[in-house]
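Report on the following structure.
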Amino acid sequence: MQRMKALLRARHSFTRKVGFLRSFSALPDYVPNNNLQDQVLVEGKANSRAAILNRPSALNALNTSMVARLKRLYESWEENPDIGFVLMKGSGRAFCSGADVVALYQLLNEGKVEDFKSFFETLYKFVYLQGTYFKPHVAILDGITMGCGAGISLQGMFRVVTDKTVLAHPETQLGFHPDAGASFYLSRLPGYLGEYLALTGEKLNGIEMIASGLATHYILNARLALIEDRVGKLNTDVPSVIENSLAQYGDLVYPDRESVLHKIETIDKCFSHDTVEEIFDALENEAASSYDEWCTKTLKKMKEASPLSLKVTLQSIREGRFQSLDQCLAREYRITVNSISKKISNDFCEGVRARLVDRDFAPKWDPPSLGDVSKDMVDCHFSPFNELEPELELPTATREPYF
């Protein structure tokens, strides 16, 4: 109980540290939308604008045209003196399930590597734009929020969650790595909670996001229309005014007895180790001594993931703890591009094939085990590009990230 109280206190520290901080879908868009502008709708108010992710049949999974449109809209809204603040939300039962990974998988299979890289370059540049945005930003994460769906929202000033919110980073299960700034915000969670979430892909609900500092306000789904109406009528660019309006409809909540946050001591004990192998050993020892089913379940999830992705992800989170947002995004872009070069592994395509395309749920990871993953294989993902491959360029001279 004392550890839980400390965690709840830490969330306020995290929010102050990250508060103004300025991924990944299981579903392709089975219903084509010929009007690309309809995939990101705009709702205009007197003093604000709202971007609405609108691919509900694909759980609002992101494609290149959507991210490019978001970037253009946000740039124009930032320059417009009549707009005081910006809001983002999703249509249907998801906020955003992340990237449309099946479409990305198809691009690689068709040899369209440059199109694949273009998606991530545009995505990371938008994340940086939002993470350094000059105006207040409100993200309403109502429903499923996965992978880079978290990346495009958690960097902003206000992050509103509900009783319908579910957050997850399942990238290692797909042979990838948590990206779009995930190594920045996950590494700043209390203790080693970020490592746990990144390596296992386990979910947090809205209350747990509040407790850990990932979200700033909790509002019941049934009251969302009221708060959106109230915020939409505001004529301000003052963060404290927006904060007060959100707080009036907010609820004071605490994690229930079944919450993974009550396992924070065990998480810290097991996930604080330097290597993935040591984390496995710690979990196995804890399971043997405590007979805790949670340890067994956690081990099972990690054993289903790509061994190479687990090691790359752990190093990425650990490096992110000491880096600014722009540095994290630049490193994540290197990992992404190096991971699809197929010089070392084809785990991303294999993971998507096994879990989302053929659905045999039997990925043939290469290398097949942690022992087969060498340090050189991991380090290769973090290596700078040669002169023929441009690094991710972000406007750090004119847009300084909050850190």
Excluding ligands, DNA and RNA, the carbon-plus-sulfur percentage of the accessible area of the chain with a 1.4 Å probe reads 51 percent
For region 191-329, what is the charge dipole size about the Cα centre, in debye to the nearest 20, if Lys and Arg each add +1 at the Cβ and Asp and Glu each add -1 at the Cβ?
340 debye
Tell me which of ALA51, THR145, ALA247 sits at the most positive position along the dipole axis of the chain, charges placed on C-beta atoms (Lys, Arg +1; Asp, Glu -1).
ALA247
Between GLU43 and ASP366, the two model label points (7 Å from Cα along the beta-carbon direction) sit apart by a distance in nm of 4.7 nm
Beyond 19 Å (Cα-Cα) in this structure, taken from LYS343/LYS375; LYS117/LYS375; LYS164/LYS301; LYS164/LYS300; LYS297/LYS364; LYS164/LYS303, we find LYS117/LYS375; LYS164/LYS301; LYS164/LYS300; LYS297/LYS364; LYS164/LYS303
Estimate the FRET efficiency between PHE322 and THR396 by the formula 1/(1 + (r/R0)^6), using the beta-carbon distance for r and 22 Å for R0, to the nearest 0.05.
0.85
Along the charge dipole of region 112-240, which of PHE120, LEU226, SER183 sits closest to the positive end, that is, farthest toward it, with unit charges on the beta carbon of Lys, Arg, Asp and Glu (+1, +1, -1, -1)?
LEU226
Rolling a 1.4 Å sphere over the protein heavy atoms, what is the accessible area per residue of the chain, to the nearest Å²?
42 Å²
Using unit Cβ charges (K, R positive; D, E negative) and no other charged atoms, how large, in debye to the nearest 20, is the dipole of region 85-126 about its Cα centre?
260 debye
Restricting region 221-267 to GluC sites (Glu not before Pro) in coil, as DSSP defines it, with at most 15 other Cβ within 10 Å:
GLU258
Do any trypsin sites (Lys or Arg not before Pro) in region 246-289 lie in a loop, going by DSSP, with at most 13 other beta-carbon atoms within 10 Å of their beta carbon, and if so which?
ARG257
Label point 7 Å out from ASN80 along Cα-to-Cβ: which residues of region 118-152 have amide N under 12 Å?
none
Note to self, the chain gives a 222 nm [θ] from helices alone (DSSP H runs n ≥ 4, -39500 (n - 2.57) apiece, / all residues, nearest 500) of -13500 deg cm²/dmol
Nearest 20 debye, what's the magnitude of the dipole of the chain about its Cα centre given +1 on Lys and Arg Cβ and -1 on Asp and Glu Cβ?
1020 debye
At each listed q (0.07, 0.08, 0.09, 0.14 Å⁻¹), what is the log10 of I(q)/I(0) that the Debye formula gives for the chain modelled as equal alpha-carbon point scatterers?
-0.30, -0.39, -0.50, -1.27
Sparsely packed trypsin sites (Lys or Arg not before Pro) within region 338-403, loop by DSSP, other Cβ within 10 Å at most 14:
LYS342, LYS343, ARG359, LYS364
Could you tell me whether region 121-170 comes out rounded, prolate or oblate from its Cα gyration tensor? Rule is a ≥ b ≥ c as square roots of the eigenvalues, rounded for a/c under 1.5, then prolate if a/b exceeds b/c, otherwise oblate.
oblate
Taking all protein chains together and a probe of 1.4 Å, list SER289, SER339, SER383 from the most accessible to the least accessible.
SER289, SER383, SER339
Positive dipole terminus of region 279-343, leading residue within SER339, ASN285, THR313 (C-beta point charges)
SER339
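The values are calculated or read from the model by the stated rules, or taken from the named source; none is laboratory data. This is a predicted model, so every value here is computed, not measured. Virtual Cβ from ideal backbone geometry, glycine too; neighbours counted across all protein chains shown. These accessible areas exclude ligands, DNA and RNA; they are computed on the full protein's heavy atoms, side chains included. Shrake-Rupley method; radii C 1.70, N 1.55, O 1.52, S 1.80 Å.
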